[in-house]
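The values are calculated or read from the model by the stated rules, or taken from the named source; none is laboratory data. Keep in mind it's a predicted model, so treat the numbers as computed, not measured. When we count neighbours, we look across all protein chains shown, and the Cβ atoms used for this are built from the backbone with ideal geometry, even at glycine.
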Amino acid sequence: MDAPEKKTALVTGAGSGIGRSVALALAAAGWSVALAGRRAEALEETARAAGAEADVLCVRADVTDPGDVAALFAAVRDRYGRLDLLFNNAGTFGPAGVPLEDVSYEAWRSVVDVNLTGAFLCAQAAFRQMKGQEPQGGRIINNGSISAQVPRPNSIAYTATKHAVTGLTKSLSLDGRPYRIACGQIDIGNAATEMTARMQTGILQANGQLAVEPVMDAADVARTVVHMAELPLEANVQFATVMATTMPFVGRG
C-alpha cells in the first residue's frame with residue numbers, strides 16, 4: 001500500500017505568535033509547511049524551532065503587496081506542487097487604546113491593508129491554486145478574533161476588519177463549494193502572544209475600568225487549527241471560538 005501523500009500548508013504571519021505556534025503544530029503533525037512573513041529572521045527562527053526533520057519553506061512576503069503574494073504562492077507551487085491548506089493569519093491590532101476621533105487615516109489604512117486586503121489577496125491566490133490543481137480542492141482557515149463578534153473599547157479599525165473577515169469567510173465558503181474548497185474561521189481570545197502582553201498588565205474594559213485579563217497557551221489554538229485542517233474536505237468547522245475560559249467575553253459590555 002502506498003504511503004499517504006504529505007499535505008502542504010501555508011501559514012502567513014508565521015514568524016511569531018499564533019502563526020508560529022500553528023506552523024510548529026502542523027509540522028509536528030507531518031505537514032510540509034511554507035512559512036510567510038515580513039521578517040526573514042523571524043521565519044528562520046520558526047524553521048529552527050520546527051527541527052531538522054521538518055519540511056519547511058521560508059518565504060519573506062508582505063501580504064499587502066500583490067506582487068509579494070503572487071511570488072509567495074508561486075514559490076509554494078514550485079516547491080510542493082500543490083497547496084492543501086492556507087492559514088490566513090497575518091494581522092495587526094493597530095493603534096492601541098486610541099479614541100476613535102484620534103485614529104489617523106494612515107493608521108486606519110494600515111490595519112485595513114493587513115487584516116482585510118492582505119487576507120483577501122492570500123485567499124484569492126489560494127483559491128486559484130486549489131481550484132486548478134489535481135486533485136482539486138483544499139482548505140482555507142481565516143484567523144478572525146473574538147473581535148469579529150464583539151469589540152473592545154477604542155478598537156474600531158481592528159474590530160471593523162475582523163468583522164469583515166467573517167464576511168470573507170462566508171463568501172469563500174459559498175464560492176468554494178463547487179471546487180471542494182472548504183473555508184472556516186477561528187476566533188481567538190487572549191492567547192498568550194506578544195500582541196496580548198498588555199492583557200496581563202491591565203486593559204480598558206467596557207465599564208471604563210482597567211482590568212488584568214487571563215490568557216491561554218497559544219498551543220491550544222494550534223491544536224484546534226490542526227484539527228480543523230485535518231478534517232476531510234467533506235467536513236468543515238465553519239466557525240470556532242477558542243478563548244481563555246474566564247476572560248470577559250460572554251457578557252462583555
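Consider the range 3-54 and keep the residues that are among the basic types (Lys, Arg) and under 17 Å from Phe73 (Cβ atoms). The one that is surrounded by the fewest Cβ atoms within 10 Å (Cβ to Cβ) is Arg38. Per the listing Met247, Met199, Met243, the residue uniquely of a type in the set (A, V, I, L, M, F, W, C), under 16 Å from the mean Cα position of the chain (by Cα), closer than 16 Å to Pro151 by Cα and modelled with pLDDT under 95 is Met243. Are any residues in the range 38-95 among the hydroxyl-bearing types (Ser, Thr, Tyr) and within 22 Å of Arg139 (Cβ to Cβ), and if so, which ones? Answer for the range 38-95, where residues must be among the hydroxyl-bearing types (Ser, Thr, Tyr) and within 22 Å of Arg139 (Cβ to Cβ): Thr46, Tyr80. Return a yes/no flag: does the range 83-99 have any residue that is at pLDDT below 95 and more than 28 Å from Ala240 (Cα to Cα). Yes; the residues of the range 83-99 include at least one that is at pLDDT below 95 and more than 28 Å from Ala240 (Cα to Cα). The set of residues in the range 206-230 that are free of Cβ contacts under 8 Å to residues at least 12 places away in the same chain and among the hydrophobic types (A, V, I, L, M, F, W, C) contains only Leu210. Is it the case that some residue within the range 86-102 is farther than 22 Å from Ala157 by Cβ, touching a residue at least 12 places away in the same chain (Cβ under 8 Å) and in contact with a strand residue (DSSP E or B) (Cβ under 8 Å, 6 or more places away or on another chain)? So far as the range 86-102 goes, yes, one or more of its residues are farther than 22 Å from Ala157 by Cβ, touching a residue at least 12 places away in the same chain (Cβ under 8 Å) and in contact with a strand residue (DSSP E or B) (Cβ under 8 Å, 6 or more places away or on another chain). Considering the range 171-213, and only residues there that are small (Gly, Ala, Ser) and under 17 Å from Phe249 (Cα atoms), the residue that is surrounded by the most Cβ atoms within 10 Å (Cβ to Cβ) turns out to be Gly189.
Only one entry of Ala36, Ala54, Ala29, Ala47 meets the criterion of being farther than 21 Å from Met228 by Cβ and of a type in the set (A, V, I, L, M), and that entry is Ala47. State whether one or more residues within the range 156-171 are in contact with a Cys (Cβ under 6 Å, 6 or more places away or on another chain) and under 30 Å from Met130 (Cβ atoms). For the range 156-171, residues in contact with a Cys (Cβ under 6 Å, 6 or more places away or on another chain) and under 30 Å from Met130 (Cβ atoms): present. Only residues that are among the polar types (S, T, N, Q) and over 15 Å from the mean Cα position of the chain (by Cα) were counted across the range 203-240, and they come to 4. Only residues that are hydrophobic (A, V, I, L, M, F, W, C) and under 19 Å from Val22 (Cβ atoms) were counted in the range 76-124, giving 11.
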